[in-house]
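Notes follow once the structure below has been shown.
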Amino acid sequence: MAESIYILGAEDRRKFARLIAAAWSDAELRARYEREPRVVLSEYGIGYPAEVPTPPLPPMPDRWLIEAQEGGTISVKP
């Protein structure tokens, strides 16, 4: 049987990105996500269907690329 997938909308992707960033700096949050991902997703305002596997948190990159952009903004990329 094929697994179902769920595509996050733009706002939920931003919320998930905040969750990822928080988990990279908080080992307890990362451990909680591994134990009870739906609870943590809900705490970050992300509703996720019960029948779909939750997304894994990506590992923190070893290195970052920081670039200056036009208009004085900074781009940070793993």
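The values are calculated or read from the model by the stated rules, or taken from the named source; none is laboratory data. As the structure is a computational prediction, the values presented were derived from the model and not from experiment. With ideal geometry, Cβ positions are generated from the backbone for all residues, glycine too; neighbour counts draw on all protein chains shown.
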(request) Only residues that are touching a helix residue (DSSP H, G or I) at 6+ places or on another chain (Cβ under 7 Å) and in contact (Cβ under 8 Å) with a residue 12 or more places away in the chain: list them for the stretch 23-39, please. (result) Ala23, Arg30, Tyr33
(request) State yes or no: is Glu36 modelled with pLDDT under 90 and farther than 17 Å from Gly9 by Cα? (result) no
(request) Please work out which residue is nearest to the chain's Cα centre (by Cα), limiting yourself to the stretch 7-30 and to residues that are within 17 Å of Pro58 (Cα to Cα), at pLDDT below 90 and not in a helix (DSSP H, G or I). (result) Leu8
